[in-house]
Amino acid sequence: QVRLVESGGGLVQAGGSLRLSCVASGLTFSRYAMGWFRQAPGKEREFVAAINYSGGTAEYTDDLKGRFTISRNNAKTTVYLQMNSLKPEDTAIYYCAARSLFIVRTVGGYDYWGPGTQVTVSS
């Protein structure tokens, strides 16, 4: 049974940083691309970043490039999202997701999802 569990969310002031982690189990982690998505209240879930199976390629939504960094440790079956210079508009539930091998940016392109972790940025 595949399981993804996010952690690292919380309350932070604007300008602060958080690092989210997502630990995967029940799959061959090194064969899966991993993505981070977020969903703010009343809005659709949106793509944040993704990294391919080896960690050699990463993609970001344009608005977040430069502030957020995705990385992975295949030995620890963990994907990370380092978030810097946080803004109130970054407030959302952040989800990690897994799909086979290569990056896509669509919600429907991912096979497995974690329950999410709440990030709240105060002004």
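The values are calculated or read from the model by the stated rules, or taken from the named source; none is laboratory data. These figures come from a predicted structure and were not determined experimentally. Every residue, glycine as well, gets a Cβ built from its backbone with ideal geometry; the counts of neighbours run over all protein chains shown. These area figures cover heavy atoms from the full protein model, side chains too; ligands, DNA and RNA do not enter into them. Shrake-Rupley method; radii C 1.70, N 1.55, O 1.52, S 1.80 Å.
At-a-glance table
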| quantity | calculated |
| --- | --- |
| Total residues in the stretch 30-43, condition closer than 10 Å to Arg99 by Cα and open to solvent by less than 50 Å² (accessible area, probe 1.4 Å) | 4 |
| Which listed residue is out of contact with any strand residue (DSSP E or B) (no Cβ under 6 Å at 6 or more places or on another chain) and of a type in the set (Val, Ile, Thr), from Thr28, Thr77 | Thr28 |
| Within the stretch 48-77, considering residues that are in contact with a Lys or Arg (Cβ under 9 Å, 6 or more places away or on another chain), more than 9 Å from Met34 (Cβ to Cβ) and among the β-branched types (Val, Ile, Thr), the one modelled with the lowest pLDDT | Thr61 |
| Hey, Tyr32 out of contact with any Pro (no Cβ under 7 Å at 6 or more places or on another chain) and in contact (Cβ under 8 Å) with a residue 60 or more places away in the chain or not | yes |
| Matching residues, the stretch 7-35, being polar (S, T, N, Q) and within 11 Å of the chain's Cα centre (by Cα) | Ser7, Ser21 |
| Neighbours by Cβ (under 9 Å, 6+ apart or cross-chain): first from the stretch 49-60, without any contact (Cβ under 8 Å) to a residue 24 or more places away in the chain and within 15 Å of Leu20 (Cβ to Cβ); second of a type in the set (Gly, Ala, Ser) and not in a strand (DSSP E or B) | Tyr60/Gly66 |
| Subset of the stretch 5-29 (residues that are closer than 20 Å to Leu101 by Cβ, of a type outside the set (Val, Ile, Thr) and open to solvent by 50 Å² or more (accessible area, probe 1.4 Å)) | Ser25, Gly26 |
